[in-house]
1. Hey, what did the range 15-77 get for relative contact order, percent, Cα under 8 Å, at least 6 apart?
2. Whenever you get a sec, line up 104, 37 from highest to lowest accessible area (probe 1.4 Å, protein heavy atoms).
3. Between residue 23 and residue 121, what FRET efficiency follows from the Cβ-Cβ distance if R0 is 35 Å, with the result rounded to 0.05?
4. In the range 112-151, carbon and sulfur make up what percent of the accessible area (probe 1.4 Å)?
5. Under a GNM of the chain (C-alpha, springs under 10 Å), which listed residue has the highest mean-square fluctuation: 33, 44, 16?
6. Tell me, what is the percent relative contact order of the chain, built from C-alpha pairs under 8 Å that lie six or more residues apart?
7. I need the shape label for the range 92-160. Rule: rounded when a/c is under 1.5, else prolate if a/b > b/c, else oblate, with a, b, c from the alpha carbon gyration tensor.
Amino acid sequence: SIRYPVVIEAASAVMVRVSQDDFVTDDNVQFDVPSIDSILDSIVIGNGIGIKEVTTFGAFPFCGYSWNHFVLESYCRRFSSKYRYACLTPNSQNAGAIIRKNSDLSYHDIMAEALARSNARLIEKDAFDYLITSGFLIRRRYSDMSALLQKAAALREGGD
């Protein structure tokens, strides 16, 4: 049997995703890497952000398709010189993070950093609300939530 995340991962490795169901070959898009990375420089806080924290695409230069979270994910996966895309599981709900390539933090640590800098109360319900809205998670399920909340609390207090 073929698992859907495997198909997404394979297609994303060689094509650009332009919508939930559509992928195009690289020659159909033209990314202005320095300009796009410069825009991301002004958006990405710390080591990374949830992909849905990018809420408007008006400043992004036309690339052949209208910008959306799928195009942004593809750009960060394969074209950016400064950013990478990461997620817990390949998905079609735009759940993932834009992370600086020079950061070696894990996905868990990026979520903790983002949660610490947010205004969310560090309780499970509010943390899930923030992580889903920001695009880090798809649903209210994360096996290390207790450790994540502890790490975010430590970061808020200025610790490690």
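The values are calculated or read from the model by the stated rules, or taken from the named source; none is laboratory data. As the structure is a computational prediction, the values presented were derived from the model and not from experiment. Virtual Cβ from ideal backbone geometry, glycine too; neighbours counted across all protein chains shown. Remember, those area values only see protein heavy atoms, side chains included, never the ligands or the DNA or RNA. Shrake-Rupley method; radii C 1.70, N 1.55, O 1.52, S 1.80 Å.
1. Values: 52 pairs, mean separation 30.2, N = 63.
This gives 48 percent for the range 15-77.
2. Details: 104 140, 37 5 Å².
Order by accessible area, largest first: 104, 37.
3. Once the sixth-power term is evaluated, E becomes 0.35.
4. On the way: 1040 of 2170 Å².
Taking all protein chains in place, the range 112-151 shows 48 percent carbon and sulfur surface.
5. 33
6. Numbers: 220 pairs, mean separation 35.8, N = 160.
22 percent.
7. Values: a/c = 1.73, a/b = 1.08, b/c = 1.59.
It comes out oblate by the Cα gyration axes.
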